[in-house]
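In what follows, a structure is listed as structure tokens, so that the remarks can point back to it.
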Amino acid sequence: MTNDLKNIASTIRSRRTVKQFTNKNVDSDLILKAIDLARWAPNHHLTEPWHFYILNDSIIKKCIELIRVIVTEKKGEEIGNFKAENSKLIPGWLVVTSKLSESKLTQQEDYASVCCAIQNFSLYLTEAGLASKWSTGAITRDNRFYDLLSINTKSEVIVGLIWYGYPKQLPTQSRGKLDDILTVID
């Protein structure tokens, strides 16, 4: 295996979902480069179905309060406050959407493409020494979140809220045996 392939394999294996970040600022140019590379994900008929929303501090504060409200409604005030306080510790917030389509097949293909773009984004951050968490929590399905971000629910759907920053600690993980998930059809 060449060094380039070893490097790519190492980056893929070392990408982790991280929930705790340091308070070190993330260079905005780095995020723009990650988004630029994210959009090179495969997409059927070059639909480029993604849209990236980088959230600023004032919007993040409103999102944190919305998290408090949504979680409190579903799980009570104590958990709502806990989730909001934890959210305050996340340095970077990015929302990624997919265009909606009248065609069910196109919609499915576009959604898959946006997922690939999010993976590209995450892998670039990993290579740069950052980490991320791709959230599909209740806030991403709440119309109040769409309204807060001025996202039109008739033209796009949120695929993920991506939290990013420098990790406090990278968790370790393993995977099952390849043979358990592989079938070779002759």
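Which of (1) 41, 18, 14; (2) 28, 23, 17; (3) 25, 21, 17 is the computed semi-axes √(5λ) of the Cα gyration tensor in Å for the structure on display?
Derived directly from the coordinates: (2).
For region 1-46 and region 75-142, what is the separation of their C-alpha centers, rounded to whole Å?
14 Å
Toward the positive end of the charge dipole of region 35-186, about the Cα centre and with charges on Cβ (Lys, Arg +1; Asp, Glu -1), which of ILE90, HIS44, GLY76 goes farthest?
GLY76
What does the net charge come to around PRO91 if you take all other residues with beta carbon closer than 14 Å to its beta carbon, with K and R at +1 and D and E at -1? Don't skip to the answer; put the middle values down first.
Numbers: positive: LYS19, LYS24, LYS61, LYS88, LYS133, LYS168; negative: ASP27, ASP57.
Taking every other residue near PRO91 into account, the sum is +4.
So which trypsin sites (Lys or Arg not before Pro) in region 1-106 end up in coil per DSSP with only 13 or fewer other C-beta atoms within 10 Å? Before the final figure, lay out each step's value.
On the way: sites: LYS6, ARG13, ARG15, ARG16, LYS19, LYS24, LYS33, ARG39, LYS61, LYS62, ARG68, LYS74, LYS75, LYS83, LYS88, LYS99, LYS104; in loops: ARG15, ARG16, LYS19, LYS24, ARG39, LYS88.
Answer by residue number: LYS24, LYS88.
If R₀ is 35 angstrom, what is the calculated FRET efficiency for the pair ASN86 and SER150, using the beta carbon separation as r and rounding to 0.05?
Working: r = 26 Å, r/R0 = 0.73.
In this case the efficiency is close to 0.85.
For a quick check of your reading of the filter: which trypsin sites (Lys or Arg not before Pro) in region 110-183 sit in a DSSP loop and have no more than 14 other Cβ atoms within 10 Å?
Working: sites: LYS133, ARG141, ARG144, LYS154, LYS168, ARG175, LYS177; in loops: LYS154, LYS168, ARG175, LYS177.
Of the trypsin sites (Lys or Arg not before Pro), the ones in loops of region 110-183 whose Cβ has at most 14 other Cβ atoms within 10 Å are LYS154, LYS168, ARG175, LYS177.
Helix-derived [θ] at 222 nm for the chain: sum -39500 (n - 2.57) over DSSP H runs of at least 4, divide by residue count, nearest 500?
Values: 6 runs with 84 residues, N = 186.
It lands at -14500 deg cm²/dmol.
How large is the Rg to Rh ratio of region 1-86 when both quantities use alpha carbon positions and Rh follows Kirkwood? Walk me through the numbers on the way to the answer.
Details: Rg = 18.3 Å, Rh = 16.8 Å.
With Rh from the inverse mean 1/r over Cα pairs, Rg/Rh is 1.09.
Let's test the formula: R0 of 35 Å, r as the Cβ-Cβ distance of ASN143 and ALA9. What FRET efficiency results, to the nearest 0.05? Could you put the intermediate results ahead of the total?
Working: r = 41 Å, r/R0 = 1.18.
Efficiency, rounded to the nearest 0.05: 0.25.
Please sort by residue number the GluC sites (Glu not before Pro) in region 84-132 whose DSSP state is loop and whose Cβ has at most 14 other Cβ atoms within 10 Å. Walk me through the numbers before you get to the answer.
Values: sites: GLU85, GLU102, GLU109, GLU127; in loops: GLU102.
The qualifying sites are GLU102.
Would you mind calculating the relative contact order of the chain from Cα pairs under 8 angstrom and at least 6 residues apart, reporting the percent as a whole number? Before the final figure, lay out the partial values.
Details: 262 pairs, mean separation 62.9, N = 186.
Reported as a whole number, the value is 34 percent.
No lab work stands behind these numbers, since they all come straight from the coordinates. Remember, predicted model here, so these are calculated numbers, not experimental data. For neighbour counting, all protein chains shown are included, and Cβ atoms are generated from backbone atoms with ideal geometry for every residue, glycine included.
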